[in-house]
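Inspection log for the structure reproduced underneath, given as structure tokens.
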Amino acid sequence: MPAKPGERAVRHRLNPGLLIGGSIVALFVLVALAAPLIAPHGPNEQDVLNILAPPSPAHWLGTDELGRDVLSRLIFAARVDLGIGLLGALLPAVAGTALGAIAGYFGGWADALIMRLSDVVQAFPSYILIIALVFVFGQGPVSILISFTLVSWVAYARLVRTEVLRVREQDFVQAARVAGLGDRRVLWRHVLPNSLQQAVLYLPADIIGATLGLAALSFLGLGVEPPTAEWGAMIAQGKPYLREQWWLATVPGLAVFVFGVGLSLAAEGLNSRRTR
């Protein structure tokens with residue numbers, strides 16, 4: 001028996017990947033926002049009588065080498081990782097979109113300069129360049145965000161430039177020019193809004209990359225400064241105790257993995273809906 005139109009519409013809307021991935025991401029965001037309310041202990045609160053304690057009713061995921069509650073630090077770390085991961089993708093997106101739009105629309109020396117600059121950035125491995133920049137700017141969220149922006153804008157610039165080169169030749173853009181609109185108005189009101197699809201689809205992958213990048217920097221001791229709770233730093237701190245207190249490094253590692261999978265599923269679900 002063929003499905004009714006209403007049933008087909010529901011199936012079309014309920015993309016499994018989008019539903020599962022979106023739920024995972026939403027859960028992480030809610031945990032991050034509600035961290036002070038749901039964490040059983042403060043992230044840096046120490047219980048010196050329960051150092052490296054196994055999971056128990058008092059400490060559901062045990063305690064670390066300083067007697068700090070692992071669950072509480074895991075929850076508070078979500079605020080740091082998700083916040084820097086989001087900003088670490090949005091800031092390059094804004095910068096790269098603006099530069100790509102200028103390069104694609106105006107061409108000439110602006111296009112040549114921006115594209116040559118992007119070639120220089122792409123000549124180096126991204127993570128190596130980020131590590132070098134963090135060495136220059138120092139530890140901390142601000143220097144990490146600056147480093148991400150200086151490296152990651154290139155992908156957005158190239159995506160947007162390609163789309164702008166296509167859109168600027170469309171009839172509605174030519175009509176806007178004939179109507180007497182200036183280049184700035186045509187670019188920002190007509191060309192750019194129709195050139196963002198590829199950049200928007202790339203954004204979730206960049207959020208994952210920024211989150212993993214922060215975790216990697218913190219694991220190497222170049223991320224946020226102690227005693228700030230952060231997933232990569234928690235993995236590094238738990239590594240010496242991996243044989244007996246395996247949860248110290250495994251749980252934050254799982255948090256990074258699950259968040260990345262959730263965001264990937266959500267992004268693929270959105271992409272599949274756009275292409276239908």
If I filter segment 41-74 down to residues being out of contact with any Pro (no Cβ under 9 Å at 6 or more places or on another chain), in contact (Cβ under 8 Å) with a residue 60 or more places away in the chain and of a type outside the set (A, V, I, L, M, F, W, C), which single residue comes out as nearest to Q237 (Cα to Cα)? D64
Condition check: out of contact with any helix residue (DSSP H, G or I) (no Cβ under 7 Å at 6 or more places or on another chain) and at pLDDT 95 or above. Does L254 satisfy that? yes
The residue that is nearest to the chain's Cα centre (by Cα), considering only those in segment 210-256 that are of a type in the set (D, E) and surrounded by fewer than 24 Cβ atoms within 10 Å (Cβ to Cβ), is E225
From the option list V94, V120, V142, single residue qualifying as over 30 Å from L165 (Cβ atoms) and without any contact (Cβ under 8 Å) to a residue 24 or more places away in the chain is V142
Helices (runs of 4 or more DSSP H) wholly inside segment 43-144 that include at least 1 residues being among the basic types (K, R) and farther than 21 Å from T211 by Cβ: 108-122
Please name all residue pairs, on different chains or six or more residues apart, with Cβ atoms under 8 Å, provided the first residue is in segment 198-227 and is more than 21 Å from A155 (Cα to Cα) and the second residue is polar (S, T, N, Q) and crowded, with 16+ Cβ neighbours inside 10 Å. L222/Q139; G223/Q139; V224/Q139; V224/S218; E225/Q139
All but one of (1) in a helix (DSSP H, G or I); (2) exposed (fewer than 14 other Cβ atoms within 10 Å of the Cβ) hold for T149; state the number of the condition that does not hold. (2)
Sort out which residues of segment 15-30 are among the small types (G, A, S) and free of Cβ contacts under 8 Å to residues at least 12 places away in the same chain, and write them in order of number. A26
Could you check how many residues of segment 65-116 are β-branched (V, I, T), crowded, with 17+ Cβ neighbours inside 10 Å and more than 18 Å from P227 (Cα to Cα)? 3
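I'm checking my understanding of the structure. Among residues of segment 165-194 that are among the basic types (K, R) and surrounded by 11 or more Cβ atoms within 10 Å (Cβ to Cβ), which one is farthest from A95 (Cα to Cα)?
Only one residue fits best here, namely R177.
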Where residues in segment 168-193 are outside any helix (DSSP H, G or I) and over 20 Å from Y156 (Cβ atoms), which of them is modelled with the highest pLDDT? Q170
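The values are calculated or read from the model by the stated rules, or taken from the named source; none is laboratory data. If you're wondering where the values come from, they're calculated on a predicted model, not measured in any experiment. For neighbour counting, all protein chains shown are included, and Cβ atoms are generated from backbone atoms with ideal geometry for every residue, glycine included.
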